[in-house]
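Chemist: Structure provided below as structure tokens; questions to follow.
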Amino acid sequence: MHLWGSAGNSNGQGLLQIAELAAAFVLSAIIGIEREIRHKSAGLRTYTVVGTSAALFVLISKYGFSDVLVDGRVVLDPSRVAAQIVTGIGFIGAGLIFVHDDRVKGLTTAATIWLVTGIGMACGAGLPLLALEAVVAYFVLVFISRWIMPRLPGAPIPAEQAKDSVHD
């Protein structure tokens with residue numbers, strides 16, 4: 001059963017589907033805003049479009065082919081569209097990752113786009129609580145990693161601490 005109740009329309013264009021698409025838009029935008037604030041290569045527009053598009057594709061998969069379904073004659077597997085979303089986003093993500101001077105760049109951006117795609121797909125599939133949990137988990141990771149990473153053994157010394165230790 002969907003969280004939104006039974007406000008759905010059998011042709012896939014009711015309040016339920018609008019709410020699912022809106023949830024994908026908002027949750028994806030929240031992550032996009034965080035990436036925008038940190039001046040990352042992909043920001044608000046990219047993440048919002050990816051997450052909303054993923055939800056739209058899932059909604060199309062769920063409802064867009066009902067006119068060709070006849071009991072006992074055509075079997076529709078909505079997971080086929082979802083699988084193609086995963087494949088397509090993997091291709092886009094691979095294009096975001098570069099190696100330069102033995103440093104990998106773009107890996108977190110690619111991974112976050114992957115996450116936003118899953119968030120959009122979850123919303124489109126009627127699983128907004130899972131999508132919300134993924135957003136919360138993302139922000140827990142972002143904020144906790146900023147605190148934990150500098151404290152790990154072998155972590156680079158921040159520039160201001162290195163400058164202070166030279167003058168001591």
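The values are calculated or read from the model by the stated rules, or taken from the named source; none is laboratory data. Keep in mind the model is a prediction, meaning the values are calculated, not measured. Note that we place each Cβ from the backbone using ideal geometry, even for glycine, and neighbour counts take in every protein chain shown.
Chemist: Residue by residue through the stretch 108-132, note down the ones that are among the aliphatic types (A, V, I, L, M), in a helix (DSSP H, G or I) and over 13 Å from I30 (Cα atoms).
Modeler: Hits for the stretch 108-132 are A110, A111, M121, A122, L129, L130.
Chemist: Among the residues of the stretch 17-75, count how many are crowded, with 18+ Cβ neighbours inside 10 Å, modelled with pLDDT under 90 and within 24 Å of L107 (Cβ to Cβ).
Modeler: Count: 2.
Chemist: Output the residue which, of all residues in the stretch 93-107 that are in contact with a Ser or Thr (Cβ under 9 Å, 6 or more places away or on another chain) and in a helix (DSSP H, G or I), is farthest from M121 (Cα to Cα).
Modeler: Here the answer is L96.
Chemist: Would you say L27 is closer than 12 Å to M121 by Cα and hydrophobic (A, V, I, L, M, F, W, C)?
Modeler: yes
Chemist: Which residue pairs have Cβ atoms under 8 Å apart, sit 6 or more places apart or on different chains, and have a first residue in the stretch 129-147 that is without any contact (Cβ under 8 Å) to a residue 12 or more places away in the chain and under 18 Å from I113 (Cα atoms) and a second that is surrounded by 11 or more Cβ atoms within 10 Å (Cβ to Cβ) and not aromatic (F, W, Y)?
Modeler: Qualifying pairs under 8 Å: L130/A122.
Chemist: Note down all Cβ pairs under 8 Å where the first residue falls in the stretch 96-124 and is closer than 16 Å to E34 by Cα, the second is among the charged types (D, E, K, R), and they're at least six residues apart or on different chains.
Modeler: Final answer for the pair search is T108/K40; T109/R35; T109/K40; T112/R35.
Chemist: Right, something else. Which residues, counting only those in the stretch 111-168, are aliphatic (A, V, I, L, M) and modelled with pLDDT under 85?
Modeler: M149, L152, A155, I157, A159, A162, V166
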